[in-house]
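The values are calculated or read from the model by the stated rules, or taken from the named source; none is laboratory data. Everything numeric here is computed off the predicted structure, so don't read it as measured data. Glycine gets a Cβ as well: all are built from the backbone with ideal geometry, and neighbour counts include every protein chain shown. All accessible areas refer to the heavy atoms of the entire protein, side chains included, with ligands and DNA or RNA removed. Shrake-Rupley method; radii C 1.70, N 1.55, O 1.52, S 1.80 Å.
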Amino acid sequence: MNFILALIAITYISICGFGLVKFILKDNIPFSIFGLVPLCFGAGLGALAILGNIIMISGYKISFITAYVPLFVLFAYALKNCKTAQKVYSGDLLGAIKKISWMEWLFIFIILFGIISVFIMSIAFPLHFWDSRAIWGTKAKMLFYSGTIFSSDFMDINRINAHFRYPLLFPISQATIYFVLGQADDWAVMLLIGLFFPLMIFFLYDLARIYLQDREKALMAAALLAVLPIFFRSEGPAYSGFADTPLAMLFCLSFGAALLWKKSKDFRMLLLCSFLSGILLLTKNEGINLVALNLFLLALPDKIIMNKRSILDLIKIIAIYTAIVAIIAAPWFYLSHAIPFESDINDIFQIKLSNIGSYIPRIMPVIMYSFKAFLGVQKNMLNQGFLWGGLWGLFIVTSLASILMRFSSGIHLFLVVLLNFLLISAGYVLMQITPENFMISNIFRIYLSISPVISLQIVSTLKELESDKAAK
Amino acid sequence: MLGYDYQLSLNAGSISKDSSILVVSNDIVFFLNYYFLPRRIYKYADITKDADLKNVSREKLKKDKINYILLYHPPSVKIINVDVNGSIK
């Protein structure tokens, strides 16, 4: 019964998300059902997190009434516009089934194997991984019982706590299910946790299909990710209840919107990208890297043209994006600094200019540790090197091919991944974390978010190689 | 995988939901919160061994309204009552 109630809660939030997506994109929704459902799910969770932060900052408590009633505006708007959803459903699903080649069937089988495995492993057990209980699940229960961070649960420094300044999107979404159930059921909430990975794979497929106009390559991109060992065997796999897979999924949505904006130059897609990027900051502190990556992609010109108009356009894009992200994240930054605990290890506000001298000697060790981690040659990492399942190897080959053949799309995606590497390395240098200890256990999870971009870069380059060959 | 934690959650069920519990442990006990909520879990930095309990003042126990003390040294877990005056029974 609790699973059914949890499903109803998730459906309600997703329909609210559809209302929001419809409000932003109007009739220009390029996605099929495979892209629209994850987008609505992510947008709904984002709306919920923003609402939750506003409720707390206003001095009220998050509860069934305060969380669900305001969202009804979006729900009603979604119902009023449900014809769009029906059109997407009937139009593209039938088209997708037609003329599937044997290679596509193979990819579909791989995708189904991956997503069904993760989903079953999610719902087979209650929440039981360390961080999922000690951090995310605990905060979800605290919000369920006390409804706000302005309570003894978050504010009493003698109480045991773990990273209380971590953002609250994931705990709020779990607590919202508890509100419907009327109790904290750590099994029913696994339904929510089990959806992030399958929805990310679906969205990646649809994004690649629209971006590359090639269904087979889109299925290949999704299949590459669907059975990537890191989502199954790492310290925080996709079914664990860690916030890394939700962050990866939400980044995939925002990155997809950025990529489609580059292709269509539709202003509404820029607004959607900015909204989705803003909610990355409400998911994990590491989201700040991903916000920077989206901005980088948006600002990256297709051709380098230096004139007044192009510079003004660039400033406009940066200003709109930054303003929306700042508006979404501002309530949370205020709330997080009301919590009287010391800054967390990955809190950007702990960076001090006065410490600049101590950062420099850390640069080389951090870069070396990153490389060793990826190559799997670090002590205790031989097994973890396998977790990327050759994805990095393929990525290096396709990146070199992109650069040599001057494929703009492949190069852009390569630059995004490279920037991610540099930002994460800079984070390790600046955050005063001992690289030896921290990187061994966490580096794979931190790079997990970028995996959809790596997959997309690989298939995008293959597509460009094919087109290049056909043109000759 | 769930065995020991499951036992812990059953123990938590026997304690009143509005109680405060002081944990004595030299372990990282963040996840205890997950099982004991909405009960309030306290951990004083200087109290890691059972013998340290004699250093805790009654006033501090009364201030935080501690009702129970959880001696958490897996596999040994023991709960002691604290009376309204802050005396450990």
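Among the residues of segment A:98-127, what is the count of those that are open to solvent by less than 60 Å² (accessible area, probe 1.4 Å), touching a residue at least 40 places away in the same chain (Cβ under 8 Å) and either at the interface with chain B (Cβ under 9 Å from one of its Cβ atoms) or not in a helix (DSSP H, G or I) (or both)?
Selection size over segment A:98-127: 3.
Which of the residues that make up segment B:30-69 are in a strand (DSSP E or B) and within 13 Å of another protein chain (Cβ to nearest Cβ)?
B:R40, B:I41, B:Y42, B:I66
Look at A:Y166 and say whether it is within 14 Å of another protein chain (Cβ to nearest Cβ), in contact (Cβ under 8 Å) with a residue 60 or more places away in the chain, open to solvent by 10 Å² or more (accessible area, probe 1.4 Å) and among the hydroxyl-bearing types (S, T, Y).
Criteria met by A:Y166.
Quick one: in segment B:18-29, of everything that is open to solvent by 10 Å² or more (accessible area, probe 1.4 Å) and within 13 Å of chain A (Cβ to nearest Cβ), which residue is farthest from A:I135 (Cα to Cα)?
B:D18
Being among the polar types (S, T, N, Q) and buried (at least 20 other Cβ atoms within 10 Å of the Cβ) is the filter here, so list the residues in segment A:21-59 that pass it.
Passing the criteria: A:S32, A:N53.
Taking the condition of being open to solvent by less than 20 Å² (accessible area, probe 1.4 Å), modelled with pLDDT of 90 or more and not basic (K, R), how many residues in segment A:213-236 meet it?
7
Which one is modelled with the highest pLDDT, of the residues in segment B:38-68 that are open to solvent by less than 60 Å² (accessible area, probe 1.4 Å) and polar (S, T, N, Q)?
So the residue we want is B:N67.
At least 3 residues that are at positive phi in each: list the helices (runs of 4 or more DSSP H) lying fully within segment A:241-329 that qualify.
Of the helices (runs of 4 or more DSSP H) lying wholly inside segment A:241-329, none has at least 3 residues that are at positive phi.
Only one residue in A:I193, A:I210 is within 22 Å of the chain's Cα centre (by Cα), surrounded by fewer than 20 Cβ atoms within 10 Å (Cβ to Cβ) and at pLDDT 90 or above. Which one?
Of the residues listed, the single one that is within 22 Å of the chain's Cα centre (by Cα), surrounded by fewer than 20 Cβ atoms within 10 Å (Cβ to Cβ) and at pLDDT 90 or above is A:I210.
Do we find a residue being polar (S, T, N, Q) and crowded, with 23+ Cβ neighbours inside 10 Å anywhere in segment A:307-324?
No, every residue in segment A:307-324 fails to be polar (S, T, N, Q) and crowded, with 23+ Cβ neighbours inside 10 Å.
Taking the condition of being open to solvent by 40 Å² or more (accessible area, probe 1.4 Å) and either more than 17 Å from A:I57 (Cα to Cα) or away from every other protein chain (no Cβ under 11 Å) (or both), how many residues in segment A:143-157 meet it?
4
Tell me yes or no: at least one residue of segment B:55-63 is under 20 Å from A:I157 (Cβ atoms), touching a Leu at 6+ places or on another chain (Cβ under 6 Å) and without any contact (Cβ under 8 Å) to a residue 40 or more places away in the chain.
no
May I ask you to verify whether A:F267 is assigned by TED's automatic domain parsing to the domain that holds A:G35 and either hydroxyl-bearing (S, T, Y) or crowded, with 24+ Cβ neighbours inside 10 Å (or both)?
So A:F267 fails the test.
Looking at A:L448, A:L415, A:L456, which is the one that is at pLDDT 80 or above, open to solvent by 20 Å² or more (accessible area, probe 1.4 Å) and not small (G, A, S)?
Among A:L448, A:L415, A:L456, only A:L415 is at pLDDT 80 or above, open to solvent by 20 Å² or more (accessible area, probe 1.4 Å) and not small (G, A, S).
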